[in-house]
Amino acid sequence: MRVNKSDSAIPRVKCVVNTCRYYSSGDHCLASQIEIQPPNANDTEQTDCATFSPKH
Ligand code: SF4
């Protein structure tokens, strides 16, 4: 899911994925919106951010 990059961080979201194009220092996410997948996940390992996009 490719979305616009915003000037402000998403409140209440801490993300440490510093290789993402939406990542901002301080563990903030600048994506205009994020999508987390998948449905019916059973543990933390199974969940991930579908909006992630590599910096380069
Ligand atoms: S889009 Fe997802 S992986 Fe990328 S900084 Fe935001 S929350 Fe983290």
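Any read-out appearing in this document is the output of simple, stated calculations on the displayed coordinates, not a laboratory observation. Predicted model only: the values in this text are computed from it and were never measured. Heads up, the Cβs are rebuilt from the backbone with ideal geometry, glycines too, and the neighbour counts pull from every protein chain shown.
How high is the relative contact order of the chain, given as a whole-number percent (alpha carbon pairs under 8 Å, six or more residues apart)? Don't jump to the answer; show the numbers that get you there.
Numbers: 88 pairs, mean separation 20.9, N = 56.
It rounds to 37 percent for the chain.
What net charge is computed for the residues neighbouring C29, neighbours being all others with C-beta under 15 Å from the C-beta of C29, Lys and Arg scored +1, Asp and Glu -1? Write out the running numbers ahead of the final one.
Working: positive: R2, K5, R12, K14, R21, K55; negative: D7, D27, E35, D48.
Neighbour charge sum, excluding C29 itself: +2.
Provide the net charge surrounding A41, with neighbours chosen by a C-beta distance below 14 Å and charges set as Lys +1, Arg +1, Asp -1, Glu -1. Don't jump to the answer; show the numbers that get you there.
On the way: positive: none; negative: E35, D43, E45, D48.
The answer is -4.
Distance from a point 7 Å along Cα→Cβ of N18 to each backbone N in segment 42-56: keep the residues under 12 Å and list them by number.
Once the point is set 7 Å along Cα→Cβ of N18, nothing inside segment 42-56 turns out to lie under 12 Å by backbone N.
Quick one: which residues, 5+ away or cross-chain, put their amide H under 5 Å from the amide H of D48? H built at 1.01 Å from N.
Placed amide hydrogens put Q37 under 5 Å from D48.
What does the net charge come to around V17 if you take all other residues with beta carbon closer than 13 Å to its beta carbon, with K and R at +1 and D and E at -1?
Cβ neighbours under 13 Å give a net charge of +1.
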